[in-house]
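K.L.:
Can you keep this structure in mind? I'll have questions shortly.
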Amino acid sequence: MLRALEGIIRETVFMCGIVGCIGDRRATPILVESLKHLEYRGYDSAGIATLNGAEIDVTKIEGKICDLETIINETDNACVGIGHTRWATHGVPSSTNAHPHVDCTGSIAVVHNGIIENFQALKEELTSKGHIFCSETDTEVLAHLCEEYYNGDLEQAVREALLRVEGSYAIAVISDNEPDIIIAARKDSPLIVGLGAGENFLASDIPAIRKYTNKIIYINDEEIVRITRDSVVVSTLQGVKVEKTVTIADGSIIDAERGGYEHFMLKEIHEQPKALRETMEDRLYELEGSIDFKELRSLEDEIKGIESISIIACGTSYHAGLLGKYILEDLLRIPVRVEYSSEFRYNNVLSGQKSLAICISQSGETADTLAAMNEAKSQGYLTLAITNVVGSTITRKADEILLTKSGIEIGVAATKTFTAQILILYMFGVYLARLKKLTDVETSRNIITSMKSVPGLIESLLDNISTIEKNASRIGETDCCYFIGRGLNYPIALEGALKMKEISYIKAEGFPAGELKHGPLALITADTPVIALVPEGKTYYKMLGNIKEVKARNAYVIAIANASDDEIVKYVDSVIRIPDVDELFSPMLAAVVLQLIAYYAAKYKGAEIDQPRNLAKSVTVE
Ligand code: M6R
């Protein structure tokens, strides 16, 4: 029974961002500012706890950080504090369930990102000892466990509490009995510490505290850290001291401004040409027909011997992987499987000898993908991560990494990171085909030439979006729509549908066009617009046949077709043009069109585009 309950609770998990600071400055503005950078991890409730020496002051609210700002105590001069932004998969977000959570006396406060899997058993045990619980969260057991074990040493209490816990956590704990320390710890959820002069910080990731310091310590699993104004001491849960290296965070303070755009998503769609150019920079050698990934040099022999590939990812990254399969199988003539991370790890995974697992995650923090990568490693796969975030957990766990250079992506809907993932998979295909001597210089040179043209073509597409806006408004008026494509454009149809449902809440599905007649055609009526991806290519005429099928059922059909295609107008109700491009790269242009259609449909409906309901940018729980 208890196990069953824990199973249910595992579904009722929280995925969150945590922060903390200790120094001589007022903590509240620092915590609030830091939390704003973590809203990508969840934004359904938020809270802070500050310590003014005498007692802990907790402020929390259902809603976003901007809502929290409206209720914080402006006269609070505390210089020590912790904070939290939350995302719940199920259950009603509420101020009671918001973090921080406190013990019975309000003397210990805890923020937590992760899942305490055995919380039900612990809660029953603690309740029988007289502890009073206020929330429905798993996290609250941590506060009561610390209270139970507190004997004048907060670090020791946290240590003992964590030894009782099964699951994942990044936590920060304060106590009014020891007002000059913050204790933090992690297992399977990210945690970093930032070093300042006479002040120190902690957070789920670097951007949250980058404004205050660039000196970073990465905390590893089952490490506990004692933070004061002047010191940071790390040890294992068993109490063994750990020497840590200080890393200097790259780059300048992250510019998270919308730069004149109404939404981050629109800004990020427009940033695609730049993201693609930067991802290609210093890696393409057009004349030689080769791609140089310097980061892969030490593994070159192993990579060359690869006989099969598994691509593992979630959501949009999975769609990039599906496209990768087409391209890699075509260039490498070896089997490529694509699997959802959440499925892969629970399958009876085959041995990965001479196999490469390409794990794609823009954030590098997606729990399912990290767990799947661990599983792949344990089965002997060589692991290669494709990610956009330097220093993310995946970069520290994979055998090697390939970075997309899209710059930070704030909108929950992935856009510029998607096209960069596709690009890097194409690049990897050419790289490996040349390494394995499967293509000649001329063939790969031609691919590289087309590849280099893509950013410019996206620019010209972005210069004229009036037809896209017009069609998007029409879709904004409907309840559901369908996306169809074949071959390379089938994954783009899936991605178009995901974008649409994610930000506009319009029911949307993507299908391989050839599958329509095997079931989905039953859904087609005059009220269901169909967006058909029909760029020039080997399935063009097959697509025209499928368009006829949906037209015969009175669907309003919007085609995405090449600029030079004079034929298509005879078959559809509206045409959105993409510049003429090598068939191989039309999916990247079509993807940009579908991002814009979703964006303008959502805008038409007045939806909250950058932070859609129930979602988070980075899914850090399984
Ligand atoms: O950070 P990741 O690439 O691992 O994220 C995977 C998915 O959660 C993500 O792509 C999600 O589907 C996007 N919000 C879609 O726009």
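K.L.:
Looking at (1) within 16 Å of the ligand (Cβ to nearest atom); (2) in contact (Cβ under 8 Å) with a residue 24 or more places away in the chain, which one does Ser355 not meet, given that it meets all the others?
P.N.:
Ser355 satisfies all of (1) within 16 Å of the ligand (Cβ to nearest atom); (2) in contact (Cβ under 8 Å) with a residue 24 or more places away in the chain except (1).
K.L.:
Is at least one residue of segment 245-252 within 16 Å of Val19 (Cα to Cα), surrounded by 15 or more Cβ atoms within 10 Å (Cβ to Cβ) and modelled with pLDDT under 95?
P.N.:
Looking only at segment 245-252, we keep the residues that are within 16 Å of Val19 (Cα to Cα), and these are none.
The answer is no, given that none of the residues of segment 245-252 is within 16 Å of Val19 (Cα to Cα), surrounded by 15 or more Cβ atoms within 10 Å (Cβ to Cβ) and modelled with pLDDT under 95.
K.L.:
List the pairs whose first member sits in segment 233-250 and is without any contact (Cβ under 8 Å) to a residue 12 or more places away in the chain, whose second member is surrounded by 14 or more Cβ atoms within 10 Å (Cβ to Cβ) and assigned to a loop (DSSP other than H, G, I, E, B), and whose Cβ atoms are under 9 Å apart, counting only residues at least 6 apart or on separate chains?
P.N.:
That search, which allows pairs on different chains as well, returns Gln238/Glu222.
K.L.:
Further, regarding this structure: Can you tell me which residue within segment 382-435, out of those that are touching a strand residue (DSSP E or B) at 6+ places or on another chain (Cβ under 9 Å) and basic (Lys, Arg), is farthest from the ligand (Cβ to nearest atom)?
P.N.:
Per the criteria, the residue is Arg434.
Yes or no, residue by residue, for (1) within 16 Å of the ligand (Cβ to nearest atom); (2) touching a residue at least 12 places away in the same chain (Cβ under 8 Å); (3) not assigned by TED's automatic domain parsing to the domain that holds Thr528:
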| site | (1), (2), (3) |
| --- | --- |
| Asn554 | no, yes, no |
| Ala563 | no, yes, no |
| Phe585 | no, yes, no |
| Ala598 | yes, yes, no |
| Lys617 | yes, yes, yes |
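K.L.:
Would you point out which residue out of Thr478, Thr525, Thr467 is surrounded by fewer than 20 Cβ atoms within 10 Å (Cβ to Cβ) and in contact with an Asp or Glu (Cβ under 8 Å, 6 or more places away or on another chain)?
P.N.:
So the residue among Thr478, Thr525, Thr467 that is surrounded by fewer than 20 Cβ atoms within 10 Å (Cβ to Cβ) and in contact with an Asp or Glu (Cβ under 8 Å, 6 or more places away or on another chain) is Thr478.
K.L.:
Exactly one condition in (1) at pLDDT below 95; (2) of a type outside the set (Ser, Thr, Tyr); (3) touching a Pro at 6+ places or on another chain (Cβ under 7 Å) is not met by Leu516; state its number.
P.N.:
So the condition that Leu516 fails would be (3).
Conditions (1) closer than 27 Å to Ile181 by Cβ; (2) surrounded by fewer than 23 Cβ atoms within 10 Å (Cβ to Cβ), marked per residue:
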site	(1), (2)
Thr50	yes, no
Gly53	yes, yes
Ile56	yes, no
Lys60	yes, no
Thr70	no, yes
Gly81	yes, no
Thr85	yes, no
Ala88	no, yes
Pro93	no, yes
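K.L.:
Show me the helices (runs of 4 or more DSSP H) entirely contained within segment 439-547 in which 2 or more residues are within 16 Å of the ligand (Cβ to nearest atom) and out of contact with any helix residue (DSSP H, G or I) (no Cβ under 6 Å at 6 or more places or on another chain).
P.N.:
Numbers: elements: 441-462, 466-476, 490-504.
The helices (runs of 4 or more DSSP H) meeting that bar are 490-504.
K.L.:
Additional query: Which of the numbered conditions does Tyr340 fail, given that it passes all the others? Conditions: (1) within 13 Å of the ligand (Cβ to nearest atom); (2) under 16 Å from Ala385 (Cβ atoms); (3) hydroxyl-bearing (Ser, Thr, Tyr).
P.N.:
So Tyr340 meets the others, but not (2).
K.L.:
Let me ask something else. Considering segment 76-119 alone, what residues qualify as being assigned to a loop (DSSP other than H, G, I, E, B), among the aliphatic types (A, V, I, L, M) and in contact (Cβ under 8 Å) with a residue 40 or more places away in the chain?
P.N.:
Here is the first cut: in segment 76-119, the residues assigned to a loop (DSSP other than H, G, I, E, B) are 76-79, 87, 89-100, 103-107, 117-118.
Now restrict to residues that are among the aliphatic types (A, V, I, L, M): 78, 92, 98.
Of everything in segment 76-119, those that are assigned to a loop (DSSP other than H, G, I, E, B), among the aliphatic types (A, V, I, L, M) and in contact (Cβ under 8 Å) with a residue 40 or more places away in the chain turn out to be Ala78, Ala98.
K.L.:
Name the residue, out of Val141, Val225, Val158, that is within 27 Å of Ser45 (Cβ to Cβ) and in a strand (DSSP E or B). First the steps, then the outcome.
P.N.:
Details: Val141 fails: in a strand (DSSP E or B); Val158 fails: in a strand (DSSP E or B).
Exactly one residue qualifies, and that residue is Val225.
The values are calculated or read from the model by the stated rules, or taken from the named source; none is laboratory data. Every value quoted in this text rests on a predicted model; they were computed, and no experiment measured them. No Cβ is skipped: glycine too gets one built from the backbone with ideal geometry, and neighbour counts run over all protein chains shown.
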